[in-house]
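What follows is a single structure, written as structure tokens, with notes after it.
Read the figures in this text as sums done on the coordinates, not as results from a lab. Bear in mind the structure is a predicted one, so any value in this text is a computation, not a measurement. Here Cβ is always computed from backbone atoms with ideal geometry, including for glycine, and neighbour counts include all displayed protein chains.
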């Protein structure tokens, strides 16, 4: 009998050291590490912006860009890089209010776009928490499409 008790105790210790099974992890991943982002989108006159697209993106993604072949020392130039892939998206209601439930915990950038306006605000989402923010959208600079820089045509070189 003592042998069975010792084997059972050893089995329990090994099971605890091995950690949770994959099925337990999958259940936890759906709820752990998520928070809520609530906010309001307004224009420069503090009027609500209805039906604006609201995205949660990684800060700096798509902004720094990649270097063209050769790098700047060899004549390469910085490019705008790909558009950031949103982690979550939603739209504001008639009063400019939005809610993103189940947003992953972490440091994020809330990006809002409406017509020819854009705004962004940094947020920190905590697991189980709710963060409230206000995003003010401003007109995009002339000649720029989306968030990319230098969207105009390049000048042709004269041939001598």
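Please give the length that would be gained between residue 44 and residue 115 if that part of the chain were fully extended, namely 0.36 nm times their separation in residues minus their C-alpha to C-alpha distance (nm, one decimal).
Details: separation 71, 0.36 × 71 = 25.56 nm, distance 1.42 nm.
Result for the pair: 24.1 nm of gain on full extension.
Hey, rough spin-label estimate for residue 138 and residue 58, points 7 angstrom out along Cα→Cβ, what's it come to in nanometres?
The modelled label-to-label distance comes out at 2.6 nm.
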